[in-house]
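> Following this message is one structure expressed as structure tokens.
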Amino acid sequence: MTAAASTEPEAPTGLRAEKIKAINLPTAVLGLDVAPESNGLIAACMDGGIYTVDTESENSDPLAFHASYASGVAWVPGSPLAISAGYDGQLRWHDVQARRTIRSVQAHDFWSWQMAVSKDGSHVASVTGQYLTGGYKYEPAPEHPSAVTVYSVTDGTLLHTLPHVGPVQSVAFSPDGQSLAAGNLMGEVRVWDVASGTRLAAWTTPDFTSWGIIKSHCYIGGIFGITFSPNSEELIVCGMGEMRDPMAGNGKQTWQRFAWRESPPRKLSEIDEKDQGRGLQETLCFHPSGDYFVMAGRLAQGKWNVAIFDSHTGALAQSLDVKSRVTQAVFSADGQRLYLGIARGQPKKTEDGKFPDFGSIEIYSIS
């Protein structure tokens, strides 16, 4: 008698990351992207600068500057354009080949915390980090009417203002371009239809937030990274688990995976407790194969702040302690490189009155 074939996907045999080089930038890297058609990099930095980076020569050239921190940047697939976001609340379109900014829109009255461009290059979304209080206990206001904004990449037209409870710290388009998801400080996730702006799903996971009772009374933690699975059917979110002291930043390193189309959305899996250290996890990205995803951020206590997980089983495949905060992780289109945006603490000025470089991009080979 022949045994029935298993419907479970086969586990990948393994994936390893090995550091090749680090490229220094003048200030902390807060956002990073790699060109879909090449390995050209573009970085958003603490000095407001948007820098193009040549991985071979290791040269970085300023393309433009925001009036405050540049919080994110993304290439527009199939074009010479990149779009950046900043703490000035603006989205800015840059023609990288011509080395000029061609459009700016005021996406928020407060800072843009995170931004994303759809895979087909048609839409750009931004979320604001503004916390509006709803009462004397410093609880959040019920809803921010334009916490999430969506624009046409082609002409900068505002397409949607989508309500969410602020501050909203993460945003992502689905790979099929049909859905948009965002998560906030209180562990609330919302998903919308990109074409109509209709809300498709909403749920709260309590494992990413807590009410601080030491030093300040406020919500702490939150969902800082969010990404869809390659088939657009599932969502993975990451951040930091419960803690008592808002100044410590030592909640558990956490990710959870949801079948978001189900009603109500169902949690499918989460990080194994034995793999958790403590610290804020800020970024998620899938390997192009879909077999692995990377989570990275800041380390408070433990052994790693960059980890590769088997996307089929959730098992930890490899972990790294890069000794610095990782703000963005992104794979090259062919999956052979992993790029990490690094933010180190601002150093003291040297004798000539200048700051040493305290940002970098670390490049890893994938095998």
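The values are calculated or read from the model by the stated rules, or taken from the named source; none is laboratory data. Just so we're clear, the structure is a prediction, and the values are computed from it rather than from any experiment. In this analysis, Cβ positions are derived from the backbone assuming ideal geometry, glycine residues included, and neighbour counts consider all displayed protein chains.
> Going by what's in this entry, would residue 94 be described as closer than 27 Å to residue 228 by Cα, modelled with pLDDT of 95 or more, surrounded by fewer than 22 Cβ atoms within 10 Å (Cβ to Cβ) and out of contact with any Gly (no Cβ under 6 Å at 6 or more places or on another chain)?
On the way: closer than 27 Å to residue 228 by Cα: yes; modelled with pLDDT of 95 or more: yes; surrounded by fewer than 22 Cβ atoms within 10 Å (Cβ to Cβ): no; out of contact with any Gly (no Cβ under 6 Å at 6 or more places or on another chain): yes.
So residue 94 fails the test.
> Has region 310-317 got any residue that is under 20 Å from the mean Cα position of the chain (by Cα) and on the phi > 0 side of the Ramachandran plot?
yes
> Counting only residues that are among the acidic types (Asp, Glu) and at pLDDT 95 or above, which one in region 180-214 is farthest from residue 278 (Cα to Cα)? Spell out how you get there, then give the answer.
Taking region 180-214 as the starting set, the residues that turn out to be among the acidic types (Asp, Glu) are 188, 193, 207.
Applying the additional criterion that residues be at pLDDT 95 or above yields 188, 193.
Numbers: 188: 21, 193: 35 Å.
Top of the filtered list is 193.
> Oh, and also: Within region 68-88, can you find the residues that are in contact with a His (Cβ under 9 Å, 6 or more places away or on another chain), surrounded by 22 or more Cβ atoms within 10 Å (Cβ to Cβ) and closer than 20 Å to residue 223 by Cα?
73, 85, 86
> Let me ask you something else. Show me the strands (runs of 3 or more DSSP E) found entirely inside region 255-367 where at least 1 residues are surrounded by 18 or more Cβ atoms within 10 Å (Cβ to Cβ), modelled with pLDDT of 95 or more and out of contact with any helix residue (DSSP H, G or I) (no Cβ under 8 Å at 6 or more places or on another chain). Let's see the steps before the verdict.
On the way: elements: 266-270, 281-286, 292-297, 306-310, 316-320, 325-331, 337-343, 359-366.
Those strands (runs of 3 or more DSSP E) span 281-286, 292-297, 306-310, 316-320, 325-331, 337-343, 359-366.
> Does residue 23 satisfy the condition of being within 21 Å of residue 171 (Cβ to Cβ), modelled with pLDDT of 95 or more, part of a strand (DSSP E or B) and not aromatic (Phe, Trp, Tyr)?
Working: within 21 Å of residue 171 (Cβ to Cβ): no; modelled with pLDDT of 95 or more: yes; part of a strand (DSSP E or B): yes; not aromatic (Phe, Trp, Tyr): yes.
No, not satisfied.
> Within region 62-91, track down each residue that is out of contact with any Gly (no Cβ under 9 Å at 6 or more places or on another chain) and free of Cβ contacts under 8 Å to residues at least 24 places away in the same chain.
Scanning region 62-91 gives a single hit, 80.
Table: residues versus (1) closer than 24 Å to residue 255 by Cα; (2) assigned to a strand (DSSP E or B); (3) more than 17 Å from the chain's Cα centre (by Cα).
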{"residue": "160", "(1), (2), (3)": "no, yes, yes"}
{"residue": "189", "(1), (2), (3)": "yes, yes, no"}
{"residue": "197", "(1), (2), (3)": "no, no, yes"}
{"residue": "210", "(1), (2), (3)": "yes, yes, yes"}
{"residue": "220", "(1), (2), (3)": "yes, yes, yes"}
{"residue": "224", "(1), (2), (3)": "yes, yes, no"}
{"residue": "231", "(1), (2), (3)": "yes, no, yes"}
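> Taking into account only those residues within region 321-367 that are acidic (Asp, Glu) and in contact with a strand residue (DSSP E or B) (Cβ under 6 Å, 6 or more places away or on another chain), which is nearest to residue 302 (Cα to Cα)?
In the first step, residues of region 321-367 are kept if they are acidic (Asp, Glu); the result is 321, 334, 351-352, 357, 362.
From what is left, the residues that are in contact with a strand residue (DSSP E or B) (Cβ under 6 Å, 6 or more places away or on another chain) are 357, 362.
On the way: 357: 27, 362: 21 Å.
Out of the qualifying residues, it is 362.
> Pairs under 7 Å by beta carbon, first residue modelled with pLDDT under 95 in region 42-56, partner not in a strand (DSSP E or B), six or more apart or different chains?
From residues that are modelled with pLDDT under 95, the pairs are 55/39.
> List the strands (runs of 3 or more DSSP E) inside region 42-141, counting only whole elements, that have at least 1 residues being under 18 Å from the mean Cα position of the chain (by Cα). It would help to see each step written out before you state the result.
Working: elements: 49-53, 60-65, 70-75, 81-86, 90-95, 100-106, 112-117, 123-128.
It comes to 49-53, 70-75, 81-86, 90-95, 112-117, 123-128.
> I'm trying to understand the selection: among the residues of region 326-348, which are free of Cβ contacts under 8 Å to residues at least 40 places away in the same chain and under 13 Å from residue 27 (Cβ atoms)?
Taking region 326-348 as the starting set, the residues that turn out to be free of Cβ contacts under 8 Å to residues at least 40 places away in the same chain are 336, 345, 347-348.
Passing the criteria: 345, 347.
> Would you confirm, using the coordinates I've provided, whether residue 23 is touching a residue at least 40 places away in the same chain (Cβ under 8 Å), surrounded by fewer than 24 Cβ atoms within 10 Å (Cβ to Cβ) and under 25 Å from residue 287 (Cα atoms)? First the steps, then the outcome.
Numbers: touching a residue at least 40 places away in the same chain (Cβ under 8 Å): yes; surrounded by fewer than 24 Cβ atoms within 10 Å (Cβ to Cβ): yes; under 25 Å from residue 287 (Cα atoms): yes.
When the stated conditions are applied, residue 23 passes them.
> Can you say whether residue 183 is small (Gly, Ala, Ser) and in a loop (DSSP other than H, G, I, E, B), as far as the supplied structure shows? Walk me through it before giving the result.
Working: small (Gly, Ala, Ser): yes; in a loop (DSSP other than H, G, I, E, B): no.
Spelling it out, it is not the case that residue 183 is small (Gly, Ala, Ser) and in a loop (DSSP other than H, G, I, E, B).
> If you don't mind, another one. Suppose we keep only residues that are surrounded by 16 or more Cβ atoms within 10 Å (Cβ to Cβ) and of a type in the set (Phe, Trp, Tyr) within region 137-184. Which one would you say is farthest from residue 104 (Cα to Cα)?
Looking at residues that are surrounded by 16 or more Cβ atoms within 10 Å (Cβ to Cβ) and of a type in the set (Phe, Trp, Tyr), I get 173.
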